[in-house]
Amino acid sequence: MIARGIFEGSHLNHLKKALDVYSRRHKVVADNIANVETGGYSARELRFEDYLSGADLRLQGARTHESHLDLGRRQFDRVDGDVQETDAAFDNGINNVDIDKEMTDLATNDLSYRLATRLLSMKYQTLRSAVRGRPM
Amino acid sequence: MSKGLFDAIRISGTGLAGQRTRLDVVSRNLANADTTQTAEGTPYRRQRAVFREVLEQRVRQDRLQRDDQPGGLSRTHPGHLDGLRSFSREDREGVATAVDVAPDASDFRVVYDPGHPDADDDGYLLMPNVDVITEMVDMIAATRAYEANISAVQAAKDMFTQALKI
Amino acid sequence: MAIEGLRALGSIDPRTAYLGQSRTPAKGDFAQQLSSAIESVNQAQTQRDDLVASMVRGDPVEVHEIMTAAEEAHLSFELMLEVRNKLLEGYQEIMRMQV
């Protein structure tokens, strides 16, 4: 009875996927920063959140909106982030890397990663309590 | 993701970009402080960075598709709002800053220097309307403002990290 | 003793005493106590899970919102465990008495 309550939902998967996305995104942003003065370089970004428009993250009663494309009907687990060249127009004189945007993205991504990590830890701690049968 | 704090960081980022542009302008002015002949035939005209606030409206995905782009994605530029079909669930508004570089309309300096090749028949010469002292002061101000924005970012990060200890 | 044990839950720690108060007044029987606690846990976990889902999607979720929800979900779960354990202890006491 108690165990079912814990394992209900795959929100552990949400957090794990989020961590995966954030760590990959870090690399992409770091690449951009490293290449801020590289002639011919094209700034990239890791897109993920945008693909979740149709994938319903709740388990019960998945709802799909008619106007969402097939892309949106994928279940959350099958949605992965991918690296694409950014379409934002920016010119720093050498290429299209906006160093200030990259630095702030680096900061916010780092914070997101920390938040997801913390939430995952808390979740495991709850599970540990359940396994032991008493509060940790 | 985290509305308030991440928005704050992003907006600080626009401030950083603005101050950086301001510094570029100062550098350009200083480099050309004595340029009496530009391609247009006039002396170099001082440039200045003009800051203006940008009311952003970011219409989030889920909620947004561009008519001309399947699976289209939201971008922050206000100009992109035209022609968008949106079921916006949340309009995110921030007041960021943007910088325009505009010419300084003040007059060129008239200098008496008959020996200069560009001097007119009376020996007078038009020099750029750049004052080195003004530029240095502006450079320091830009640097300080840049640092201030960095501090703001750091403060937001600190607050976020504190909340993780809840 | 079993009854005392259950009421004592409310004073484990004065700072979290309010957590021991179920949504329905504490005059229910043991089964009600436990099912109240379970209901609290479900609510708290659902609240947290919704926020996590929003967060991962990139929706605006404040960090303190999600952290407080996560902490409350965790605490209410642990409280439920305590309630269950106290119930078991109380039950064992009663069984021993009948002999």
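The values are calculated or read from the model by the stated rules, or taken from the named source; none is laboratory data. All values derive from a computational prediction rather than experimental measurement. With ideal geometry, Cβ positions are generated from the backbone for all residues, glycine too; neighbour counts draw on all protein chains shown.
Descriptive notes on the structure:
Okay, residues lined up against (1) at pLDDT 95 or above; (2) within 25 Å of the chain's Cα centre (by Cα):
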{"residue": "B:Asp82", "(1), (2)": "no, yes"}
{"residue": "B:Asp91", "(1), (2)": "no, yes"}
{"residue": "B:Val111", "(1), (2)": "no, no"}
{"residue": "B:His116", "(1), (2)": "no, no"}
{"residue": "B:Asp121", "(1), (2)": "no, no"}
{"residue": "B:Glu135", "(1), (2)": "yes, yes"}
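Let's see how each residue does on (1) touching a Cys at 6+ places or on another chain (Cβ under 7 Å); (2) more than 14 Å from chain C (Cβ to nearest Cβ); (3) at pLDDT 90 or above:
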| residue | (1), (2), (3) |
| --- | --- |
| A:Gly9 | no, no, no |
| A:Leu15 | no, no, yes |
| A:Asp70 | no, yes, no |
| A:Gly93 | no, yes, no |
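- Unique match (being at pLDDT 75 or above and within 30 Å of B:Ala8 (Cα to Cα)) among C:Ala73, C:Ala37, C:Ala31: C:Ala73
- Among the residues making up the stretch B:112-134, those that are surrounded by fewer than 10 Cβ atoms within 10 Å (Cβ to Cβ) and within 16 Å of B:Thr35 (Cα to Cα) are B:Gly115, B:Pro117.
- Every test in (1) within 22 Å of C:Gly58 (Cβ to Cβ); (2) modelled with pLDDT of 50 or more is passed by B:Arg66 save one, and that test is (2).
- Taken together, the residues in the stretch A:99-127 that are more than 8 Å from every other protein chain (Cβ to nearest Cβ) and free of Cβ contacts under 8 Å to residues at least 60 places away in the same chain amount to 2.
- Subset of the stretch C:68-86 that is buried (at least 22 other Cβ atoms within 10 Å of the Cβ) and at the interface with another protein chain (Cβ under 7 Å from one of its Cβ atoms) - its residue that is farthest from the chain's Cα centre (by Cα): C:Ala70
- Once the stretch C:42-67 is narrowed to residues that are more than 9 Å from every other protein chain (Cβ to nearest Cβ) and surrounded by fewer than 18 Cβ atoms within 10 Å (Cβ to Cβ), the residue that is nearest to A:Val131 (Cα to Cα) is C:Gln43.
- Subset tally (residues that are of a type in the set (D, E, K, R) and surrounded by 12 or more Cβ atoms within 10 Å (Cβ to Cβ)) for the stretch B:35-52: 3
- B:Ser27 vs. criteria modelled with pLDDT of 50 or more and either assigned to a loop (DSSP other than H, G, I, E, B) or surrounded by 15 or more Cβ atoms within 10 Å (Cβ to Cβ) (or both): no
- C:Ala53 being of a type outside the set (Ser, Thr, Tyr) and within 21 Å of the chain's Cα centre (by Cα): no
- Considering the stretch A:34-64, and only residues there that are charged (D, E, K, R) and in a loop (DSSP other than H, G, I, E, B), the residue that is modelled with the highest pLDDT turns out to be A:Glu37.
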